[in-house]
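Enquirer: Questions regarding the structure given below will be posed in turn.
The values are calculated or read from the model by the stated rules, or taken from the named source; none is laboratory data. In this text, all values refer to a predicted model and were calculated from it rather than measured experimentally. Quick reminder, even Gly has a Cβ in these numbers, built from the backbone with ideal geometry, and neighbours come from all protein chains shown.
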Amino acid sequence: MIDERWERVKELLHQAMLLAPEERSNYLDAACSGNSALRSEIESLLAADADAPVDFLQSAAFPGALDPDADGIGYVGILTPGQLFEQRFQLVRKLGEGGMGQVWLADQISPVRRQVALKLIAAGMYDQAVVQRFQSERQSLAIMDHPCIAKVFDAGATAQGQPYFVMEYVPGLPITEYCDLKKLKIAERLELLIRACEGVQHAHQKAIIHRDLKPANILVVEVDGMPMPRIIDFGLAKPTAPRLADQTLYTQFGQFIGTPGYMSPEQVDPAIQDVDTRSDVYSLGVILYVLLTGLQPFETKRRLRPPLDEWLRKLREEDPPTLSAKVSADRDSAVTAAAARATEPKQWLSQLKGDLEWITAKVLERERERRYATPSELAADLKRHLNDEPVVARPASAAYQLRKFIRRHRLAAAVAGIVGVLAIVASGAGLIAVRKQHEAEYQRHEAEYQAAQALQAQSRLLTQSAAQRLKDADVAGAQGIILEVLTNPAFAHTHTPAAISVFQDIRAADVQIAVLSRHTGSVESAAYSPDGSRTARPGTSVRASAVMKELSVCGA
């Protein structure tokens, strides 16, 4: 039976030793939760560690653990390059060392030749709890089959009972480093993260939560010239489904499991014991944030992180800054960071605003109920953004949806726009033509009106002149003028009662005026009345029919 208190002491001690000495006190404040006895015990162990020789971690965990077996096969303690492990693996170099194991690059020499990553428990960690976790990682990897997850080739145990497993060697770079080195654009970075999300989703479907997602655990290799992420290191993985007690995948009494900077708020909350798949979603959100801005949410400048206690406080109490606010606050590195994304600072800032800010805000929600529930949901929203479709994270207004529609159908929208412009131009040209026609009609009617007014004015003046001559006893002169008014076609529409009245007055003044009737010709010369007292003016040419018509109209 494993002593529960010792397991917790060991877990907290290990996490504290990973921190810088000046950060340990704040970490113990949060991790020990007021348990002074527990804190004192860990501090005493830390003090003893400070006085221990540099090769302390290479000392035996139990008598004889560091001695190789008689024939030099299974090695439980110190490993060295060139050593033959389990008769099949030639160690090349150490790739890394984590909380419970070492990872070595090795050449497998039988039954096939290939380079592999060999993982086994580190010296000093060889006890039941760690072995259980190690075996669980091996089992977790064995049941997964996805191109974005490193494969397990083999597994076994040494003669002394030390378990190990052999994985696919991933000679790649952490996803953030690869993107910066290759100067990938924002869209290319998103596509790479989408594939990583698909790998994590596969793990979740196998009921495995990674719990330590970070750039160093998502390596990128090139397959046929295309970048492909490979997720590694499921050492802190836990099952989402109930398992037997001897199959537990994680330490039940250590609340601080993961990597500061990429852990979810619930991972550092002692009150939350049911860490679920949304914790991995949060970690993917932090990786997305770094891919877009070059900084973690609570970093002030690159690699300048707040003290552990301040980071824990912000993680629990504050929302991360928006993407645009983050890059705007670090103007000194903006040019370099934008160049790493194959763009200029202004264009970079413009790309981060809008959809991507909504997506990162949702994936980094402190309340897990408000996050994307699965990695596939995050990937789906990123795909919508790349396809210029409305994203779920953003409230969709009509104007927003219209903008997205236009961006999705740029060619059709451009053609429709051109047709619309041409229609407007044609419509405008038609309106201009109609307007010009109306203006011409108006001008014509106005000219006719003015001409009619002028004729009416002339007719009035002639009528007045005829009336004046009649008043002056010039009957012949009055007659000639009034006949001009009544018989001239130009004055056909200007006849007035005044003109007719003057004509009647002239008839009344001299009844001997000759009346020409039934004569259709013109008067070409002077004509005389029978008694020779009246004459028609020489030079006038008046159609007799017209005169008679006018006289008839006047009632003569």
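Enquirer: Condition test on LEU304, is it touching a residue at least 24 places away in the same chain (Cβ under 8 Å) and assigned by TED's automatic domain parsing to the domain that holds VAL275?
Expert: Considered against the rule, which asks whether it is touching a residue at least 24 places away in the same chain (Cβ under 8 Å) and assigned by TED's automatic domain parsing to the domain that holds VAL275, LEU304 comes out as no.
Enquirer: When you look at ARG341, is it among the basic types (Lys, Arg), in the same structural domain as LEU356 (by TED's automatic domain parsing) and over 27 Å from the mean Cα position of the chain (by Cα), yes or no?
Expert: When the stated conditions are applied, ARG341 does not pass them.
Enquirer: Any residue in segment 397-415 that is at pLDDT 80 or above, surrounded by 11 or more Cβ atoms within 10 Å (Cβ to Cβ), in contact with a helix residue (DSSP H, G or I) (Cβ under 7 Å, 6 or more places away or on another chain) and farther than 20 Å from LEU291 by Cβ?
Expert: no
Enquirer: Answer yes or no as to whether GLU369 is over 23 Å from ALA187 (Cβ atoms), in a loop (DSSP other than H, G, I, E, B) and of a type outside the set (Phe, Trp, Tyr).
Expert: Against the criterion (over 23 Å from ALA187 (Cβ atoms), in a loop (DSSP other than H, G, I, E, B) and of a type outside the set (Phe, Trp, Tyr)), GLU369 does not qualify.
Enquirer: For segment 140-160, what are the residues that are closer than 30 Å to ARG195 by Cβ and touching a residue at least 60 places away in the same chain (Cβ under 8 Å)?
Expert: Of everything in segment 140-160, those that are closer than 30 Å to ARG195 by Cβ and touching a residue at least 60 places away in the same chain (Cβ under 8 Å) turn out to be SER140, LEU141, ILE143, MET144, PRO147, CYS148, ILE149, ALA150.
Enquirer: Tell me whether segment 292-307 contains one or more residues that are at pLDDT 90 or above and part of a helix (DSSP H, G or I).
Expert: There is at least one residue in segment 292-307 that is at pLDDT 90 or above and part of a helix (DSSP H, G or I).
Enquirer: Return the residues of segment 23-48 that are under 21 Å from ARG313 (Cβ atoms) and free of Cβ contacts under 8 Å to residues at least 24 places away in the same chain; say none if nothing qualifies.
Expert: Answer for segment 23-48, where residues must be under 21 Å from ARG313 (Cβ atoms) and free of Cβ contacts under 8 Å to residues at least 24 places away in the same chain: ARG24, SER25, LEU28, CYS32, GLY34, ASN35, ARG39.
Enquirer: Check segment 26-36 and report whether any residue there is at pLDDT 60 or above, more than 45 Å from the chain's Cα centre (by Cα) and either crowded, with 17+ Cβ neighbours inside 10 Å or not in a loop (DSSP other than H, G, I, E, B) (or both).
Expert: Yes; the residues of segment 26-36 include at least one that is at pLDDT 60 or above, more than 45 Å from the chain's Cα centre (by Cα) and either crowded, with 17+ Cβ neighbours inside 10 Å or not in a loop (DSSP other than H, G, I, E, B) (or both).
Enquirer: Is one or more of the residues making up segment 276-286 surrounded by fewer than 22 Cβ atoms within 10 Å (Cβ to Cβ), of a type in the set (A, V, I, L, M) and either at pLDDT 85 or above or under 26 Å from SER376 (Cβ atoms) (or both)?
Expert: No - not one qualifying residue is present in segment 276-286.
Enquirer: Those residues that are of a type in the set (Ser, Thr, Tyr) and buried (at least 16 other Cβ atoms within 10 Å of the Cβ), I need them from segment 348-390; list them, please.
Expert: THR360, TYR372, THR374, SER376, listed by residue number.
Enquirer: Please work out which residue is farthest from the chain's Cα centre (by Cα), limiting yourself to segment 153-189 and to residues that are over 19 Å from GLY285 (Cα atoms) and polar (S, T, N, Q).
Expert: GLN160
Enquirer: Suppose we filter ALA334, ALA379 for residues that are small (Gly, Ala, Ser), touching a residue at least 12 places away in the same chain (Cβ under 8 Å) and farther than 19 Å from ARG195 by Cβ; which single one remains?
Expert: The match here is ALA334.
Enquirer: Oh, and also: Which residues, counting only those in segment 463-483, are within 13 Å of SER501 (Cα to Cα) and crowded, with 20+ Cβ neighbours inside 10 Å?
Expert: Scanning segment 463-483 gives THR463, ALA466, LEU470, ALA478, GLN479, ILE482, LEU483.
Enquirer: Would you check which residues across segment 492-512 are out of contact with any Leu (no Cβ under 6 Å at 6 or more places or on another chain), at pLDDT below 75 and closer than 15 Å to GLN458 by Cα and list them?
Expert: ALA492, HIS493, HIS495, THR496
Enquirer: Separate question: Is it true that some residue in segment 300-314 is among the aliphatic types (A, V, I, L, M) and within 25 Å of SER33 (Cβ to Cβ)?
Expert: Yes.
Enquirer: Would you check if LEU79 is modelled with pLDDT of 75 or more and part of a helix (DSSP H, G or I)?
Expert: Considered against the rule, which asks whether it is modelled with pLDDT of 75 or more and part of a helix (DSSP H, G or I), LEU79 comes out as no.
Enquirer: Still on this structure: Quick check on this structure: which one of ARG316, ARG368 is touching a Lys or Arg at 6+ places or on another chain (Cβ under 6 Å), assigned by TED's automatic domain parsing to the domain that holds ASP274 and not polar (S, T, N, Q)?
Expert: None of the other options fit; the residue is ARG368.
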